[in-house]
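Notes follow once the structure below has been shown.
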Amino acid sequence: MTEAITLLPSPTQRTAAALLSRSFAYDADVLPLAYDGSALTVAVPNDGSDLSERLRQLTRKEIRTVVLPIRDIREGLKALYPAAASRDADSLAAQTLDEIFAAAIGSYASDVHLEPTDGRAGRVRLDVDGVLQADRTLPAGLFERVVALVKVRSNMNTGESRLPQDGRLAVSFDGRSFDVRTSTIPVAGLEKLVLRFLQRFDLVPDLEQLGMGAELLARYQKGLKRPGSFCVIAGPTGSGKSTTSYASLQTISLEHANVCSVEDPIECRIPGIAQIAVNEKAGITFPLALRALLRQNPQQLFIGELRDAETVAIALQASLTGISLVTTLHARDALRVAARLAEFGASRATLASSLTLAVSQRLVRMLCRHCKIKTSVSSQAVAVARRYGFALKGDAWEAQGCERCSYSGFQGRIGAFEVLEIKPELGAAVESGATPTQLGKIAQSAGYKPMVVDALRHVASGATSEGEVLRHLSYDDAD
Ligand SMILES: [Zn+2]
């Protein structure tokens, strides 16, 4: 019998199927098998007589039942009602994707990773505060359907799985809407997807909320507003450079100025700014987009990232003509910005006269306030802080873990910053090719403090732990 129902449905089985609605058959797990003109034979998962009685009333036929394992009944239903089966699978995929988005939004994840695992199955991981956390695994068929659904909703080519693609989709959840940037890359014959929640400009936290202290904030904002300022935000991937860029743009009046941006990708739409997305495939490169924008005489320019010699050269040229610039750079800290730009071929003399601000930052995880426990800071931390005129008391906190923080001990992130103002004395040092350490010594006399010292401020306030700070930064940088 098991074998018979895995074959294509016979004509008599189709006649039998016509006597029952597919929704009833699916809901009750009843598989029509045959109809001989008077009796309807169905397979049921157990010999419950009330089901026979319902079927008798529903069909007004004599009912004969055969008991089959539920798995076989469902297989049979899929063969008998293929359209319904695929509709059910599609709705399951849609429901699963909704659940994944709900989990991601609920845990403040920045990204969702959908990755193939063994066979054609897959797993879902959420990037929460820069750490990937397992969310769920998806069986073979479902994983592929969820991937296909994301591609459809992102307007990607669903027939293409061997080339990387990217797109966008919108998610509504609890009355809020989210923009999600989607990208797919081929891995071992399957596809890996990353879904990134984009920021909303009106919800971008301001620099103070990001953890910049009042004194640093005042210096930074003054520097940003200076006409013709050239501000470089430096840090490794995941250090929050984009958020700080957008927060910086918020402090600049966008209403009356011609403000433009070139980004790859646009991570946040900003009302009032002409934003151009780099699209290498379509030939829109950073240099091409920048040259086009400069012809329109902007006053303020945001360049998503300085990552090639040509872009650096155009940025410096724009700066020399008086355009204010905000940009990001992949460099370890503010002291290394000039050296990194010189590696891209910029002349040190030009850098000395155009760079006005170099900023760097790290995002450290904040201790869960429900479970953090008291400890004390190391003597090394106290010594480093003292060197920069900051009296660090012995009290500190460390992570423990509880239900509310999913036993990680942390919830949310906060920024540790350093701001380097390139004033004449420092400019001269940049021009003469001073090393980062030498620049640090000169800057220190003008009030510069390295990030690790700023981070100790968050240790003292109990926002983070010393261990978390040392995951990102080293006391050697404050020597
Ligand atoms: Zn906790």
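The values are calculated or read from the model by the stated rules, or taken from the named source; none is laboratory data. Model, not experiment: these values are computed from the prediction. When we count neighbours, we look across all protein chains shown, and the Cβ atoms used for this are built from the backbone with ideal geometry, even at glycine.
Numerical summary
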| item | result |
| --- | --- |
| Failed condition for residue 217, given (1) in a helix (DSSP H, G or I); (2) surrounded by 21 or more Cβ atoms within 10 Å (Cβ to Cβ); (3) modelled with pLDDT of 90 or more | (2) |
| Residue list for segment 245-264, restricted to those being more than 20 Å from residue 312 (Cβ to Cβ) and part of a helix (DSSP H, G or I) | 246, 247, 249, 250 |
| Single residue of 145, 120, 136, 162 found to be modelled with pLDDT under 90 and in contact with a helix residue (DSSP H, G or I) (Cβ under 8 Å, 6 or more places away or on another chain) | 120 |
| Of residues in segment 175-206 being aromatic (Phe, Trp, Tyr) and modelled with pLDDT of 80 or more, the one nearest to the chain's Cα centre (by Cα) | 197 |
| Given (1) within 16 Å of the ligand (Cβ to nearest atom); (2) crowded, with 21+ Cβ neighbours inside 10 Å, index of the condition residue 408 fails | (2) |
| Single match in 282, 277 (criterion: hydrophobic (A, V, I, L, M, F, W, C), at pLDDT below 90 and over 21 Å from residue 241 (Cα atoms)) | 282 |
| Selected residue (criterion: farthest from the ligand (Cβ to nearest atom)) from residues of segment 388-405 that are in a loop (DSSP other than H, G, I, E, B) and free of Cβ contacts under 8 Å to residues at least 24 places away in the same chain | 389 |
| Leading residue by the ranking (nearest to the ligand (Cβ to nearest atom)) among those in segment 419-429 that are surrounded by 15 or more Cβ atoms within 10 Å (Cβ to Cβ) and part of a helix (DSSP H, G or I) | 426 |
| Residue satisfying condition, being among the hydroxyl-bearing types (Ser, Thr, Tyr), over 26 Å from the mean Cα position of the chain (by Cα) and modelled with pLDDT under 90, within set 253, 242, 229 | 253 |
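Per-residue answers, yes or no, for (1) within 16 Å of the ligand (Cβ to nearest atom); (2) not in a helix (DSSP H, G or I):
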{"residue": "375", "(1), (2)": "yes, yes"}
{"residue": "386", "(1), (2)": "no, no"}
{"residue": "413", "(1), (2)": "yes, yes"}
{"residue": "417", "(1), (2)": "no, yes"}
{"residue": "433", "(1), (2)": "no, yes"}
{"residue": "443", "(1), (2)": "no, no"}
